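The values are calculated or read from the model by the stated rules, or taken from the named source; none is laboratory data. Just so we're clear, the structure is a prediction, and the values are computed from it rather than from any experiment. When we count neighbours, we look across all protein chains shown, and the Cβ atoms used for this are built from the backbone with ideal geometry, even at glycine.
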């Protein structure tokens, strides 16, 4: 299907150039992986006058690890995350997550930055940012700033990015103590699907847990009540049952074409239990290998 | 038994290389030059509305637009079995997405832009989105003109209602049989609509040239049927069959969706509006979902009466079909299913009402299985429930009642020779029926399900096939047929049949896709009938060529023709072992005589096949008296599943399907049908269904939300079992197998779910979500 | 608004003037006559439009043609430098495809896998092919053929 409207295309090689192109006019769109954007252009949902392709900006393609934080540039694709030794060693759960995103041909282009900028409730990047207390670096006409994950997502398809701002990187602080994670994604089958519920559980060596749900509320959310219930306690069936019962207070799923709210609620509880068990087991050095779905 | 050289061999596909190199051309791969025009279609946003007027002025002014066409340009009614539709909507639209107008432009983007500017003034009418409301006493009539529609003699429309056709079967004395039965079980099962999801969308390119000849390239299973319908629909324009040419390159999957004529009529009609230039209509994936044939929805109410020992004595089956806005093809699905809805069982007293009901949803039509998948879901589920309540093993219940050769069919004919019992036994053995496994994961339950199936080709009584077989100088062969290669491997099977008769290896035989100017007649590639019907035509053509060869050798060399035979591309004699004449030495050039003259000339074989024993004429109240079906293909299928009790997710470690193909001309291709068909069938019960909103709009017209299986969603193991009880009138005993591999999938899964969890789900699909919500129901 | 791009297409340098809104799939098919990538869904779900950019498979329906400026694009046509690849031979031998419409895209996906991982196991093959929908085969013959190509040669497909 051809794109019906015309637009100009620019591929700057420097970030400053991109910022000035984007601040120069109203109707602009940013192209990185394009896996969402091109479809929106075809469907006539987006009709920019100028498309700014970020892929010429080398610095946005880097993955770096400082020892206490992982910085993922805006052009980094999910495949690059999957293939990165740094990521595999320090953040194995990112690989587990990335492998559930669409298919190879999409992962070779799609970026984490693009995923979170879409801000659709089913995005898989949301729980990742939320659980790791990540921050989003942006640059715009007003300079650079870091936006905490908790305030980045405002509503479905809405972020706190200002007009003309570009996401340059996502930074994930390494948890302060040894940890393990478990990514749980509910799809309608084993093949590619958008999440009906997704969940990231991190089990930390200090007895705390971080639990973040996606697709069950307008924005990704941390299950703080459950986190505090679990903190410092031994995981027992009773405790997990208490956690399950708190799920209804934490999330507010809706019914849509992909799942009913009842099934989402039911599965959120199952996923929570299995996610906690698997993360805790992995922390102990047992449990299913990363990449093995627990549902 | 005579041994065969090429029949029964797992020959490599003769189109294999074309398909793995990208050399195989599909409709959108053909080149039509720089003057190709593109059409964009203006569609109805309403499920049911009157059209008051169409303003095309804005669209016509868009640069690049060549012509804007509306229903007024083609006020002709047409259809395959019933003339109930138009090329473009006339005064009324009857489903969301129905074509109302077309913009033809020099490039697709201009056509799309201009189509948005066509203004249609509608008045909404009450829309009917379910069969119950269509059948209500004061229901709004979707086709007020129904009683005037032309249709085949075996349809019985009820004018003044929304019922387009009822197929009634009355065999024996059903009322008395129920009274005398020891036990009677009744239930209702529902099946939603489904989409074929061939990976290639529909497309058509039409060219009406300045000599008044119309060529249409289509992605189709039915080039000749298309030609005939184009001729009929456009008859007012004065087109004769000889002036219409349909060319069908390879198609990227059909599954029934590319049978008959759906959107292709627009390619033909629009060509006449822009004479001298080719015009392309190519569906988007969305249009593919909502404006081609869909598999019809079904509500089946079933009553079964049995003796204490499990003998089925009576069945009363009411099938209400949601057939959609136009039923010109779909009504025949209803008809075929109605004739056979008692399944592969010997039941003396049967009553069936199969009712074709108009609704304001997209037109229903053929889909691999042609109604049998739908009724088998209810029937085979119900039999398991009965077995459970009567404490009979479900396989034993089936075995006890399985139809056998000579048993009386619903329309009074006799059942053909078949291997149903062998299929049951082999399937039960392969799945380990009776062994229960506890999965390693305690959260999971395992279950097994079993189902039988049968299906006859649904064909008009005079459906026929023909073939022309041409030898080349080197004794290689080109075969011309109009049976379609839709992926099943027809070209290869036809080559194997000709190879067997003529002793020329299949790799020396080329069979091409059809062009109605060059290739002889074939009715359609549907109903699992082409290996049988077109195969017979090719066998006959090969025999014809062989006889010509023997005649020639007798005439030219004086050897008695009765002593001649073929071996490795050579004519040999049973009486003269030293005689050997290679085909390549005379097959075109002829046989030299002593005087330097030649006898012979190019050998061209001709073959034809029509099942002359069939008839669709029968008593409309009982269906007794005719012989509508040529034969049934039967089989059994079973599955082992594991269900996660907490998530409802199902995995399938193993599935088995045994089918009596008569004779497997190419067992590898039969196995391909079994594997592919089972996966397609399993998907209809686990993942797929079409969802409509309250206004009749399809909510999931894409693969994002209509989930067809990926390589990660297939059974761990599929065990194909080929049974061979020959079909006397089939080529080398073969009968069709294309559809049968899909149709038992849904009930066998439903039965396995019941076995694993003790819950009976009576509506498809059986998703993880539905399992959980059913289990949680108080 | 037209601009010129240059890229390598199956090893050959191509220069093309185009509008930025042109889709790579449509440029390959309609302007360059490379017809093995097909349009099956037009939104990245089905994988029939799969091509490689710099050796990585992408959905060419979701790529603007201007994006490949300076890069290397490979389609099925470009894999066959010296006749059929071992993977193609295995697919023919195994009667792996039926209608064949999904084959070009799926062969590229399998080739990308084999280039990275010459001896994939069944699970790895399934994952690599999961983005290429096929409605005919039920996948198993294709999976078997890819495994066969891996076993026999160590490198079934080649990406340039």
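Could you tell me which residue of the range B:705-723 is farthest from residue A:195 (Cα to Cα), considering only residues that are over 23 Å from the mean Cα position of the chain (by Cα) and within 9 Å of chain A (Cβ to nearest Cβ)? In this case the residue turns out to be B:711. Being surrounded by 20 or more Cβ atoms within 10 Å (Cβ to Cβ) and over 18 Å from the mean Cα position of the chain (by Cα) is the filter here, so list the residues in the range B:448-476 that pass it. Selection gives B:448, B:449, B:450, B:451, B:452, B:466, B:467, B:468, B:469, B:471, B:475. Considering the conditions (1) in a loop (DSSP other than H, G, I, E, B); (2) farther than 27 Å from residue B:301 by Cβ, residue B:140 is excluded by exactly one of them, (2).
Checking the structure you have, find out if any residue of the range C:132-142 is in a helix (DSSP H, G or I), modelled with pLDDT of 95 or more and more than 7 Å from every other protein chain (Cβ to nearest Cβ). Yes, the range C:132-142 contains at least one residue that is in a helix (DSSP H, G or I), modelled with pLDDT of 95 or more and more than 7 Å from every other protein chain (Cβ to nearest Cβ).
Only one entry of B:662, B:596, B:601, B:672 meets the criterion of being assigned to a loop (DSSP other than H, G, I, E, B), surrounded by 24 or more Cβ atoms within 10 Å (Cβ to Cβ) and at pLDDT 95 or above, and that entry is B:662. Test residue B:469 against the stated conditions and say whether it is in contact with a helix residue (DSSP H, G or I) (Cβ under 8 Å, 6 or more places away or on another chain), at pLDDT 95 or above and under 30 Å from residue B:653 (Cβ atoms). No: the conditions fail for residue B:469. For the range B:219-240, which residues satisfy the criterion of being more than 14 Å from residue B:524 (Cα to Cα) and modelled with pLDDT of 95 or more? Those that are more than 14 Å from residue B:524 (Cα to Cα) and modelled with pLDDT of 95 or more: B:230, B:231. Checking residue A:70 against (1) surrounded by fewer than 17 Cβ atoms within 10 Å (Cβ to Cβ); (2) in contact with a helix residue (DSSP H, G or I) (Cβ under 8 Å, 6 or more places away or on another chain); (3) touching a residue at least 60 places away in the same chain (Cβ under 8 Å), which test does it fail? Residue A:70 satisfies every listed condition except (1). Every condition in (1) facing another protein chain (nearest Cβ under 9 Å); (2) in contact with a helix residue (DSSP H, G or I) (Cβ under 8 Å, 6 or more places away or on another chain); (3) within 26 Å of residue B:10 (Cβ to Cβ) holds for residue C:102 except the one numbered (2).
Here residue A:240 passes the criteria (1) away from chain B (no Cβ under 12 Å); (2) in contact (Cβ under 8 Å) with a residue 60 or more places away in the chain; (3) surrounded by fewer than 21 Cβ atoms within 10 Å (Cβ to Cβ) except the one numbered (2).
Considering only the range C:109-116, I want to know if a residue exists there that is touching a strand residue (DSSP E or B) at 6+ places or on another chain (Cβ under 8 Å), under 23 Å from residue C:39 (Cα atoms) and within 9 Å of another protein chain (Cβ to nearest Cβ). Checked against the condition, which is being touching a strand residue (DSSP E or B) at 6+ places or on another chain (Cβ under 8 Å), under 23 Å from residue C:39 (Cα atoms) and within 9 Å of another protein chain (Cβ to nearest Cβ), the range C:109-116 yields at least one hit.
Does residue B:382 fit the bill of being closer than 26 Å to residue B:348 by Cβ, modelled with pLDDT of 95 or more and surrounded by 24 or more Cβ atoms within 10 Å (Cβ to Cβ)? Taking the combined requirement at face value, the residue satisfies it. Among the candidates C:108, C:113, C:87, C:91, the residue that is closer than 20 Å to residue C:32 by Cα and buried (at least 22 other Cβ atoms within 10 Å of the Cβ) is uniquely C:108.
Tallying residues that are under 22 Å from residue C:126 (Cα atoms) and away from every other protein chain (no Cβ under 14 Å) within the range A:154-201 yields 1. For the range B:105-121, taking the residues that are assigned to a helix (DSSP H, G or I) and in contact with a strand residue (DSSP E or B) (Cβ under 7 Å, 6 or more places away or on another chain), the one that is farthest from residue A:6 (Cα to Cα) is identified as B:115. Restricting attention to the range B:409-433, the residues that are in contact with a strand residue (DSSP E or B) (Cβ under 8 Å, 6 or more places away or on another chain) and either assigned to a loop (DSSP other than H, G, I, E, B) or over 23 Å from residue B:375 (Cα atoms) (or both) add up to 13. Just wondering, is there one or more residues in the range B:434-445 that are touching a residue at least 24 places away in the same chain (Cβ under 8 Å), in a loop (DSSP other than H, G, I, E, B) and surrounded by 24 or more Cβ atoms within 10 Å (Cβ to Cβ)? No, that holds for no residue.
Evaluated against (1) within 13 Å of chain A (Cβ to nearest Cβ); (2) out of contact with any helix residue (DSSP H, G or I) (no Cβ under 9 Å at 6 or more places or on another chain); (3) in contact (Cβ under 8 Å) with a residue 60 or more places away in the chain, residue B:699 falls short on exactly one condition, (3).
The residues of the range B:757-778 that are more than 14 Å from chain A (Cβ to nearest Cβ), in contact (Cβ under 8 Å) with a residue 24 or more places away in the chain and not in a helix (DSSP H, G or I), listed by number, are B:760, B:762, B:763, B:764. Across the range A:6-22, the qualifying residues are those that are within 7 Å of another protein chain (Cβ to nearest Cβ) and part of a loop (DSSP other than H, G, I, E, B), and the one among them that is surrounded by the most Cβ atoms within 10 Å (Cβ to Cβ) is A:7. Checking each residue in the range B:59-68 for being in contact with a strand residue (DSSP E or B) (Cβ under 6 Å, 6 or more places away or on another chain), more than 14 Å from every other protein chain (Cβ to nearest Cβ) and surrounded by fewer than 24 Cβ atoms within 10 Å (Cβ to Cβ) picks out B:60, B:66, B:67. Please specify each residue of the range A:95-114 satisfying the condition of being touching a residue at least 60 places away in the same chain (Cβ under 8 Å) and away from every other protein chain (no Cβ under 14 Å). Across the range A:95-114, the qualifying residues are A:97, A:113.
Every condition in (1) surrounded by fewer than 20 Cβ atoms within 10 Å (Cβ to Cβ); (2) within 18 Å of the chain's Cα centre (by Cα) holds for residue A:59 except the one numbered (2).
When you look at residue A:264, is it surrounded by fewer than 18 Cβ atoms within 10 Å (Cβ to Cβ) and either more than 18 Å from the chain's Cα centre (by Cα) or in a helix (DSSP H, G or I) (or both), yes or no? Answer is no for this residue.
Residues that are part of a strand (DSSP E or B) and under 30 Å from residue B:700 (Cβ atoms) within the range B:182-214 comprise B:187, B:188, B:189, B:190, B:191, B:194, B:203, B:204, B:205, listed in sequence order.
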